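The values are calculated or read from the model by the stated rules, or taken from the named source; none is laboratory data. For clarity, every value in this text was computed on a predicted model and none was experimentally measured. Every residue, glycine as well, gets a Cβ built from its backbone with ideal geometry; the counts of neighbours run over all protein chains shown. All accessible areas refer to the heavy atoms of the entire protein, side chains included, with ligands and DNA or RNA removed. Shrake-Rupley method; radii C 1.70, N 1.55, O 1.52, S 1.80 Å.
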Amino acid sequence: MKTPYFVVHPAIIAENYRLLRDALPVDRLYYATKANGEAPVLSVLLAENAGFEIVCADEMEALLALGVRAEDMICSRPLKTAEEISRMYALGCRYFVYDCERQYELLCRVSPEAKKIVRINMRFVSPHDLVYGLYPEQIADMAQRGILPDGYTFYIFERDHWTEKLDAVFDELEKLILVRGDTAPLWLNLGGHYVLPQDDTQGALEKLHERVAHLRALRPGLTVYAEPGGCIVNTACDMVTTVTETRNEDWVFIDADKNLIRNQNVRVEPLGEVRKCPPQKWYFLDSLCSGNIICDPVLGFAPQVGDKLLLK
């Protein structure tokens with residue numbers, strides 16, 4: 001089989017999904033398909049009754065072909081063309097995110113029956129975070145002009161001071177909900193970029209539960225989602241790759257882009273016979289010659305051109 005290719009471990013995907021589903025205060029998880037959209041991965045999550053977050057009509061068509069219902073998909077990509085929205089809308093998507101007034105007007109025109117969810121720009125509390133979204137005061141200004149979103153979403157990309165950032169965004173969410181003056185159904189999407197539960201995230205998860213519970217009390221019937229991706233699949237997919245070249249007695253080039261490597265603690269194991277040597281550090285780089293070091297493990301064998309390796 002041509003390399004690189006992934007070896008998927010369905011049981012680990014299912015376990016990771018359940019761990020996160022039980023850890024987050026949500027009514028449902030929507031798996032971010034862009035993290036890994038291969039059919040074996042999607043099929044495992046479909047069996048777990050996951051929803052799916054998509055960014056384009058091609059992803060939606062692939063999911064429909066697997067048997068996923070359109071009503072089990074949401075599109076959270078904030079920047080979309082009229083053509084892309086129209087395609088997804090025609091296929092049955094009824095949930096879109098906007099991050100500016102022009103996008104809201106576009107959604108009203110080409111997807112009138114869809115839920116329109118506003119993305120909050122987290123730079124008001126995290127200056128180096130992603131640039132998408134409207135600031136809370138801009139959302140409030142639109143509300144004063146009668147433009148009420150069907151829900152709110154945020155995405156905390158930088159997790160330093162995570163607990164404080166959660167407090168800040170929920171403070172603003174409470175203000176935005178209190179001034180709405182309506183009782184329409186409301187959705188809250190907690191975004192993505194989560195990690196599996198561990199000791200150093202316990203405080204943030206407890207804060208998230210606390211603030212979501214308070215918001216549910218403030219707005220009965222609130223529906224809460226989240227859309228994790230990488231943390232579900234990163235530890236569940238190994239990659240088989242081939243050594244394409246070696247240099248400097250410790251550089252190893254492989255036929256894999258660094259962007260394909262999702263696990264930050266990569267282990268390298270040989271597949272087949274290899275040349276043994278005393279343990280030493282090896283620097284693995286992609287064959288695009290971009291200078292990206294993928295990993296630098298200490299190995300007891302010397303990789304040779306043509307060797308097949310398993311990256312775990």
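Exactly one residue out of VAL266, VAL243 is closer than 29 Å to ILE12 by Cβ, assigned to a strand (DSSP E or B) and of a type outside the set (D, E, K, R), and it is VAL243.
Go through the stretch 1-49 and count every residue that is in a loop (DSSP other than H, G, I, E, B) and more than 14 Å from the chain's Cα centre (by Cα). Break it down stepwise before answering.
At the first step, the residues of the stretch 1-49 found to be in a loop (DSSP other than H, G, I, E, B) are 1-4, 9, 24-27, 36-38, 48-49.
Retained after the next criterion (residues that are more than 14 Å from the chain's Cα centre (by Cα)): 1-4, 9, 24-27, 38, 48-49.
Counting residues in the stretch 1-49 that are in a loop (DSSP other than H, G, I, E, B) and more than 14 Å from the chain's Cα centre (by Cα) gives 12.
Of the residues in the stretch 199-220, none is open to solvent by 10 Å² or more (accessible area, probe 1.4 Å), at pLDDT 95 or above and of a type in the set (S, T, N, Q). Taking every residue in the stretch 191-210 that is under 27 Å from CYS75 (Cα atoms) and pairing it with any residue that is open to solvent by 60 Å² or more (accessible area, probe 1.4 Å) and in a helix (DSSP H, G or I), at least 6 positions away or on another chain, the pairs with Cβ-Cβ distances below 8 Å are LEU196/LEU19; PRO197/LEU19. A Cβ distance below 9 Å, combined with a sequence gap of six or more or placement on separate chains, defines the contacts here; from the stretch 56-67, residues that are within 11 Å of LEU42 (Cβ to Cβ) and assigned to a helix (DSSP H, G or I) reach residues that are open to solvent by less than 30 Å² (accessible area, probe 1.4 Å) and of a type in the set (Phe, Trp, Tyr) in the pairs GLU59/PHE52; LEU63/PHE52. Taking each residue of the stretch 283-296 that is among the charged types (D, E, K, R) and looking for partners that are modelled with pLDDT under 85 and surrounded by 15 or more Cβ atoms within 10 Å (Cβ to Cβ) with beta-carbon atoms closer than 8 Å, six or more apart or interchain, yields ASP286/ALA256; ASP286/LYS258.
ARG87 falls short on exactly one of the conditions (1) out of contact with any helix residue (DSSP H, G or I) (no Cβ under 6 Å at 6 or more places or on another chain); (2) open to solvent by 30 Å² or more (accessible area, probe 1.4 Å), and that condition is (1). Of the residues making up the stretch 229-237, none is crowded, with 18+ Cβ neighbours inside 10 Å, of a type in the set (Ser, Thr, Tyr), within 28 Å of THR201 (Cα to Cα) and at pLDDT 90 or above. Determine which member of the set ALA184, ALA168 is of a type in the set (Gly, Ala, Ser) and not in a loop (DSSP other than H, G, I, E, B). Of ALA184, ALA168, the one residue that is of a type in the set (Gly, Ala, Ser) and not in a loop (DSSP other than H, G, I, E, B) is ALA168. So which residues in the stretch 187-226 are assigned to a helix (DSSP H, G or I), within 27 Å of LYS34 (Cβ to Cβ) and of a type in the set (Gly, Ala, Ser)? Selection gives ALA204 alone. In the stretch 45-55, the residue that is nearest to ARG77 (Cα to Cα) out of those that are open to solvent by 10 Å² or more (accessible area, probe 1.4 Å) and of a type outside the set (Asp, Glu) is VAL55. The single condition among (1) surrounded by fewer than 22 Cβ atoms within 10 Å (Cβ to Cβ); (2) without any contact (Cβ under 8 Å) to a residue 60 or more places away in the chain; (3) under 17 Å from THR223 (Cβ atoms) that ARG28 does not meet is (2).
Taking the criterion of being of a type in the set (Val, Ile, Thr) and in a strand (DSSP E or B), the residues of the stretch 270-299 that qualify are ILE293, ILE294, VAL298.
Looking only at residues in the stretch 56-76 that are surrounded by 19 or more Cβ atoms within 10 Å (Cβ to Cβ) and within 22 Å of LEU20 (Cα to Cα), which one is nearest to the chain's Cα centre (by Cα)?
That would be SER76.
Go through ASP160, ASP141, ASP99 for me and flag whichever is at pLDDT below 95 and more than 25 Å from LEU45 (Cα to Cα). After applying the criteria, what remains is ASP160.
Take the conditions assigned to a helix (DSSP H, G or I), in contact with a helix residue (DSSP H, G or I) (Cβ under 7 Å, 6 or more places away or on another chain) and either closer than 24 Å to PRO228 by Cβ or of a type in the set (Phe, Trp, Tyr) (or both) and apply them to LEU173. Does it pass? The answer is yes for LEU173. Scanning the stretch 93-125 for residues that are assigned to a loop (DSSP other than H, G, I, E, B) and of a type in the set (A, V, I, L, M, F, W, C) yields CYS93, CYS100, ALA114, VAL125.
Look through the stretch 97-139, keep the residues that are within 30 Å of ASP160 (Cβ to Cβ) and aromatic (Phe, Trp, Tyr), and return whichever of them is least open to solvent (accessible area, probe 1.4 Å). Write out each step before concluding.
Residues of the stretch 97-139 that are within 30 Å of ASP160 (Cβ to Cβ), as a first pass: 97-100, 103, 117-139.
Adding the requirement that they be aromatic (Phe, Trp, Tyr) leaves 98, 124, 132, 135.
Details: TYR98: 3, PHE124: 73, TYR132: 83, TYR135: 72 Å².
Restricting to residues being within 30 Å of ASP160 (Cβ to Cβ) and aromatic (Phe, Trp, Tyr), the top hit is TYR98.
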